[in-house]
1. Find the residue count for region A:102-122, including only residues that are within 11 Å of chain B (Cβ to nearest Cβ) and closer than 17 Å to A:L59 by Cβ.
2. Suppose we filter D:S133, D:S125 for residues that are of a type in the set (S, T, Y) and surrounded by fewer than 22 Cβ atoms within 10 Å (Cβ to Cβ); which single one remains?
3. Do you know which of the residues in region D:1-51 that are among the polar types (S, T, N, Q) and within 10 Å of chain E (Cβ to nearest Cβ) is surrounded by the fewest Cβ atoms within 10 Å (Cβ to Cβ)?
4. Quick one: in region F:90-101, which of the residues that are closer than 17 Å to F:V33 by Cβ and within 14 Å of chain C (Cβ to nearest Cβ) is most open to solvent (accessible area, probe 1.4 Å)?
5. What number of residues within region F:56-88 are farther than 14 Å from F:V132 by Cβ and either open to solvent by 40 Å² or more (accessible area, probe 1.4 Å) or among the hydroxyl-bearing types (S, T, Y) (or both)?
6. Identify, by number, the condition in (1) within 30 Å of D:G22 (Cα to Cα); (2) part of a loop (DSSP other than H, G, I, E, B); (3) among the aromatic types (F, W, Y) that A:F16 doesn't meet.
7. Only residues that are away from chain B (no Cβ under 14 Å), among the polar types (S, T, N, Q) and part of a loop (DSSP other than H, G, I, E, B): list them for region A:52-89, please.
8. Report, ordered by the first and then the second residue, all pairs with beta carbons closer than 7 Å, sequence separation of six or more or different chains, a first member in region B:4-26 that is over 30 Å from B:I52 (Cα atoms) and among the polar types (S, T, N, Q), and a second member that is open to solvent by less than 30 Å² (accessible area, probe 1.4 Å) and part of a strand (DSSP E or B).
There are 6 protein chains.
Amino acid sequence: MYSVTVRDHVMIAHSFTGQVFGPAQRLHGATFVVDVELKRPSLDADGIVVDIGKASDTLRQLLADINYRNLDEVPAFAGRNTTTEFLARVVFDRLVAAIQRGDLGPGARDIDTIRVTLHESHVASASFEGRVSDPA
Amino acid sequence: MYSVTVRDHVMIAHSFTGQVFGPAQRLHGATFVVDVELKRPSLDADGIVVDIGKASDTLRQLLADINYRNLDEVPAFAGRNTTTEFLARVVFDRLVAAIQRGDLGPGARDIDTIRVTLHESHVASASFEGRVSDPA
Amino acid sequence: MYSVTVRDHVMIAHSFTGQVFGPAQRLHGATFVVDVELKRPSLDADGIVVDIGKASDTLRQLLADINYRNLDEVPAFAGRNTTTEFLARVVFDRLVAAIQRGDLGPGARDIDTIRVTLHESHVASASFEGRVSDPA
Amino acid sequence: MYSVTVRDHVMIAHSFTGQVFGPAQRLHGATFVVDVELKRPSLDADGIVVDIGKASDTLRQLLADINYRNLDEVPAFAGRNTTTEFLARVVFDRLVAAIQRGDLGPGARDIDTIRVTLHESHVASASFEGRVSDPA
Amino acid sequence: MYSVTVRDHVMIAHSFTGQVFGPAQRLHGATFVVDVELKRPSLDADGIVVDIGKASDTLRQLLADINYRNLDEVPAFAGRNTTTEFLARVVFDRLVAAIQRGDLGPGARDIDTIRVTLHESHVASASFEGRVSDPA
Amino acid sequence: MYSVTVRDHVMIAHSFTGQVFGPAQRLHGATFVVDVELKRPSLDADGIVVDIGKASDTLRQLLADINYRNLDEVPAFAGRNTTTEFLARVVFDRLVAAIQRGDLGPGARDIDTIRVTLHESHVASASFEGRVSDPA
């Protein structure tokens, strides 16, 4: 299996609901350094997994939607804890939609699996990995 | 598959038995930066893989047992080479026991797979990955 | 010159005032990975710059004050932009006060210079470096 | 599954053919920091995945072949785009051959899977992962 | 002293002249991960060292000039070895010119010192640090 | 000021004397990732700070002397706590001697300042920086 990984980041505010979160129930924030790994079993005719420029641009645009935001006020996340693992899934789902729209180019439709990792500090991160063909 | 990764470290002394180890047959030591990745197929009702506070505390306590020790003198490791890969398995086994005792909270019983990575330098690391349900 | 560096982190929300900040005028947040470097010209009788345990504990307590907070609501920062460089200075000033109170042990009074670096992402950081003896 | 990872690097020049590459169609270059992860289900009698000295030496020799080269002039790559993902596969294939020749020691024949990752910058990398037993 | 650091990268080909370079006399290449640290003794009215957006954009444009190039063919470098330390100075000189042109905003004229570091691999880097007011 | 930095590592055992060290009074160990930064005000005729091959080889040989050792048994360190900051100075002193012997080539005699940093974990490091011309 081949893969390509690109990195970007977002800076957001949010708070969590639930005793398990302790002081993180207060409004606070995070920088998420986001790694997106795109996997497919074979390379295309150009010898690549994906157009890395398109992959980076798509990731940047997708993150722009939540960047410099208070996620507690984003309607799409109403009633949800925007935990690191939850956000990894959000990025995954939106990448799958972008691939299906053709944003990463026609060859990207052969991408089999995507792993999204959000690093929230030097000691903690969360990931979601799934197949592109699985329904969200 | 979702995952959460937490990081901590230990500083130990040890020596190895066997010609393959060359100068590492002498008493020496290592800092192991330890990454523990906990994986499960779905999030709990709070939107998390695990209580990250409990996971970090459990890892810290588990590592305290070997931290600032000469592993050559730890009875549990008698007759074994405490290689990086062997210690990754030790951490895995002890985490599985901690989950089964409930140390990571009741929800942690849904954790499916654990990957433990020990970084011994900027150029070398070792891992053990296994399913929680497999007998040690 | 000798130095010792310890690392910790905080996760905060804040917003900025001023056109120069663009979208960062909105409420957002950041993880700051904080490196504190303590410098002195000679080692103490134990062969150290500082009791690294006391230095780490002091840093943790000092950061706890702002951790998981919306800095826009912290009275001490009223009317100020809590930029990364501003916060580096805040950490510096509080460390100097902690040294002068003796929190880092009596030997720490020989610390000459402190450099505080806050990493806000994988591509940006800010620092403040000053002498302990200079008036804040 | 156990694994051991070793790291080295190469510095090469090359150019790409195909509009998808944009300015990278010009002759340019890259540092590739190469991580090789060797996986097997159980440890050998010494308690290791592989002789890490032999693994590091083999990787170094294998990379020496392309290090400080213009890959556009390497006959083995004629007519191919030497993309990061393509080169990850090249390193994989050559490691498999080295294992089969016995360069990593007799125990290394139990290595099941190899993952090769080439980091081309702080924001991009590519990998190839495959089983040792699969025909190249 | 306050500072802000921004990071970007370039991918170039080049060769060196001189026996001291050994195999690096051949045409090869490098990824340089570039850190630019801008220092000044006090913050401006907004509480910043520099408009970090302008600093990042300026660095990107400045690097675009050499990115995806064979430096052996760049007229400005004719007859020079484009070593990592030499290129750190080139980036410094061009940043000073950009500041003097006002590209980083009027406040950036208070920047006192710039340190440019080029990381050429995980084990080697080079820097140039100088005062903005010194003649190039 | 120009500089070049090279990185290597050692793995050692040791123990400390003094209550301030707490559990580190027991025999334990560390991996030290060692960064050596060599500084000089101008480049030599080849456009370099130092022959990076010679610098790396010298560092490797110098570290080989303590690598895979129990520092408590090294005669040169008898009666001393081999703390990270102390060892940074040891590496500095031995590099100065190597430069004076000509091990880094004749041009290296123009190196003005050396900064040695030993990273003992992902959260702690120590440094010694001094001028080559200062008596040890």
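The values are calculated or read from the model by the stated rules, or taken from the named source; none is laboratory data. Predicted model, so just to flag it, every value in this text is computed and none were measured. Here the Cβ positions follow ideal geometry from the backbone for every residue, glycine too, while neighbour counts run over all protein chains shown. Each accessible area value is taken on the protein alone, full model and side chains, heavy atoms only, with ligands, DNA and RNA left out. Shrake-Rupley method; radii C 1.70, N 1.55, O 1.52, S 1.80 Å.
1. Qualifying residue count, region A:102-122: 6.
2. Result: D:S133 is the single residue among D:S133, D:S125 that is of a type in the set (S, T, Y) and surrounded by fewer than 22 Cβ atoms within 10 Å (Cβ to Cβ).
3. Selected residue: D:Q25.
4. The selected residue is F:V90.
5. 18
6. (1)
7. The answer is A:N67, and nothing else.
8. Filtered contacts from region B:4-26: B:S15/B:H28.
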